[in-house]
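Shown next, in structure tokens, is the structure this report addresses.
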Amino acid sequence: MDYERAAELRDCLASVQRQTLPPDEILVVDNGSTDGTDALFAAGGEFAHPAVTYLRSATNLGVAGGR
């Protein structure tokens with residue numbers, strides 16, 4: 001996914017979690033976004049779930065750094 005796409009990320013994760021065989025783990029790398037993505041994964045957030053690992057960079061590291 002691209003930078004600053006919280007709405008698309010929300011839709012993608014909701015779709016993955018609706019699968020009949022849910023994944024063992026979902027890894028989300030946040031490359032310093034400022035669009036509220038971090039709130040989705042904070043305690044009590046929409047995707048605060050044991051199967052979701054959320055890694056956040058404090059700054060945008062560019063395409064290579066984010067991948």
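If we keep just the residues of segment 35-47 that are part of a loop (DSSP other than H, G, I, E, B) and touching a helix residue (DSSP H, G or I) at 6+ places or on another chain (Cβ under 6 Å), which is most open to solvent (accessible area, probe 1.4 Å)?
Here the residue is 46.
Looking only at residues that are over 15 Å from residue 9 (Cβ atoms) and exposed (fewer than 11 other Cβ atoms within 10 Å of the Cβ) in segment 48-67, which one is farthest from the chain's Cα centre (by Cα)?
Only one residue tops the list, namely 64.
Kindly provide the set of residues from segment 6-34 that are assigned to a loop (DSSP other than H, G, I, E, B) and loosely packed, with under 14 Cβ neighbours inside 10 Å, ordered by number.
Matches in segment 6-34: 18, 19, 20, 21, 22, 23, 24, 25, 34.
The values are calculated or read from the model by the stated rules, or taken from the named source; none is laboratory data. What you see is a predicted model; the values in this text were computed from it and never measured. All Cβ positions, even for glycine, are placed from backbone atoms using ideal geometry, and neighbour counts span all protein chains on display. With ligands, DNA and RNA removed, areas are computed over all heavy atoms of the protein, side chains included. Shrake-Rupley method; radii C 1.70, N 1.55, O 1.52, S 1.80 Å.
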